[in-house]
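Following: one structure in structure tokens, then a few remarks.
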Amino acid sequence: MQVTVKDVAKAAEVSIGTVSRVLAGEPNVSAETTERVMKVIKKLNYTRLRRRKSLPEGKRLLRRNIAMLLLGMDRSLASLPSVASGIHGTESALTEEGANVLLADLPLVDRLPDVLSRKQVHGILAKGALQTELISNADQKLIQRLREIPTVWFLGRPQKADWGDVVESNDSEIGRLAAEYLLSRGHQRIAILDPKPNHVTLGQRCASFTWHATQGGATLENIFGKDADWGLPLKSVEDVELVDRLVGRLLKLKRQPTAVFVPADSIAALVYRACTRRGLLIGKDLSLISCNNEVPLLTGLYPEVTTIDICAEQIGRQAVEQLIWRMSHPETPAVNVSVQPCLVEGMSVTDLT
């Protein structure tokens, strides 16, 4: 005898309507009930006699609630072109896949947002602050909820976030590209200027740059800011005087560097300004290479900045692909996905060879 929806409902101890909603993939059914119904369907070998509607081709997240969370970030940081491009990439891909997108901005990570407490959420895309004790300072109910739902971090994983997948820039490759570019143009005395020490992404870039530059015989000087200058919500580097002081320290070094590596274009723009105030020309008096390829920040700078494109929008889109995979593989160990960067050559590096 053919198994019916009524048989499934009876065995799962739910209503016929609940079984229909599970079969249709509607979001207003708890995960526990969905799992119970699906187990019964498998056990009874139930096959639908007809389908009301087939899902539109390519809409892999149709009727799925996907939360996009911004955690511990000041608006200035969320508005950076690289972050905005990553967010745009996720939003575009989610729309194409038919997802119901739920947005929550938690600058102080001090509460559980309504989108996570009142709605069934099938997956999370999270962009968190990559400096300061974000996870330690966050509301524990929020952290517990995040651990319960398939999660993909994009544009980096915060310190102590020991769950979820991550899609990010390949920061080791960024450091290598930058170091080898300067070395190939004869630079052997190089400074690293970074106002944000202990920042996950910027730190990885600087560490990779250091290794590759020293392997190539270069002498390095680190010009770093203070970790105490940064807290939640984390801001972008926009303090003109802070970067100006760091440039002042660089210029007081006994052996003057011929080039400087800065791990983000927002920093590079302020280094340009600090040098201009001193009558110095980037590309002539001091060479510079940067990261991110944030065109709105670089437009108008002369000479054009040599930078490394992290492909931020591609990272956002890849994060959605990873979330789709994660939702169907909930028990698989966490995965790290790196998107390959590429060098964008400007005129900010003098060839000393």
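Residue by residue, the stretch 342-353 carries 3J(HN,Hα) couplings of 9, 7, 10, 7, x, 10, 8, 10, 6, 8, 8, 6 Hz when phi is fed to the Karplus relation 6.51 cos²θ - 1.76 cosθ + 1.60 (θ = phi - 60°); x denotes Gly or Pro.
Close amide-amide hydrogen proximity is noted between LEU234 and MET73, ASP74, each under 5 Å apart and 5 or more residues distant or on a separate chain (H modeled in the peptide plane; Pro and chain starts excluded).
Ordering ILE66, MET347, LEU80 by Cα displacement along the dipole of the chain toward the positive end leaves ILE66 in first place; charges were set at the Cβ atoms of Lys, Arg (+1) and Asp, Glu (-1). When only alpha carbons are used to place a centre, the stretch 286-353 and the stretch 67-82 end up 17 Å from one another. Against the main long axis of the alpha-carbon atoms of the chain, helix 200-215 sits at an angle near 50°.
Which of rounded, prolate or oblate describes the chain when judged by the alpha-carbon gyration tensor and an a/c cut-off of 1.5? Don't skip to the answer; put the middle values down first.
Values: a/c = 3.10, a/b = 2.56, b/c = 1.21.
Prolate, because a/c is 1.5 or more and a/b exceeds b/c.
Taking θ as phi - 60° and the Karplus parameters 6.51, -1.76 and 1.60, the scalar couplings of the stretch 261-278 work out to 9, 10, x, 7, 5, 4, 6, 4, 4, 7, 5, 4, 5, 5, 5, 4, 4, 9 Hz in sequence order, x denoting glycine and proline.
The charge dipole of the chain, taken about its Cα centre with unit charges on the Cβ atoms of Lys, Arg (+1), Asp and Glu (-1) only, comes to about 1220 debye. Calculated mean residue ellipticity at 222 nm for the chain: -12000 deg cm²/dmol, from DSSP H runs with n ≥ 4 weighted as -39500 (n - 2.57), summed, divided by the residue count and rounded to 500. If the cut-off is 17 Å between C-alpha atoms, which lysines fall inside it for LYS196, apart from same-chain ones fewer than 8 positions away? Excluding near neighbours in sequence, the set is LYS226, LYS235. Fewest neighbouring Cβ atoms within 10 Å first, the residues ASP74, ASP165 line up as ASP74, ASP165. Under the combined filter of DSSP loop state and at most 15 neighbouring Cβ atoms within 10 Å, the stretch 314-353 retains these GluC sites (Glu not before Pro): GLU331, GLU345. With respect to the chain, whose longest principal axis is taken over its alpha-carbon atoms, helix 312-328 is tilted by about 30°. The string of couplings for the stretch 161-171 from the Karplus curve (6.51, -1.76, 1.60, θ = phi - 60°) is 7, 9, 9, x, 8, 9, 10, 8, 6, 7, 6 Hz, one whole number per residue in order, with x for Gly and Pro. What are the GluC sites (Glu not before Pro) within the stretch 89-170 that DSSP puts in a loop, where the Cβ has at most 15 other Cβ atoms within 10 Å? Sites meeting the loop and neighbour criteria: GLU133.
Sorted fewest first by neighbouring Cβ atoms within 10 angstrom, ARG205, ARG255, ARG326, ARG278 come out as ARG255, ARG278, ARG326, ARG205.
By the count of other C-beta atoms within 10 Å, a proxy for reagent exposure, LEU125, LEU112, LEU280 are ordered fewest to most as LEU280, LEU112, LEU125.
Read-outs throughout are calculated quantities, based only on the coordinates presented, and are distinct from any laboratory measurement. Because the structure is a prediction, the values reported are computed rather than measured. No Cβ is skipped: glycine too gets one built from the backbone with ideal geometry, and neighbour counts run over all protein chains shown.
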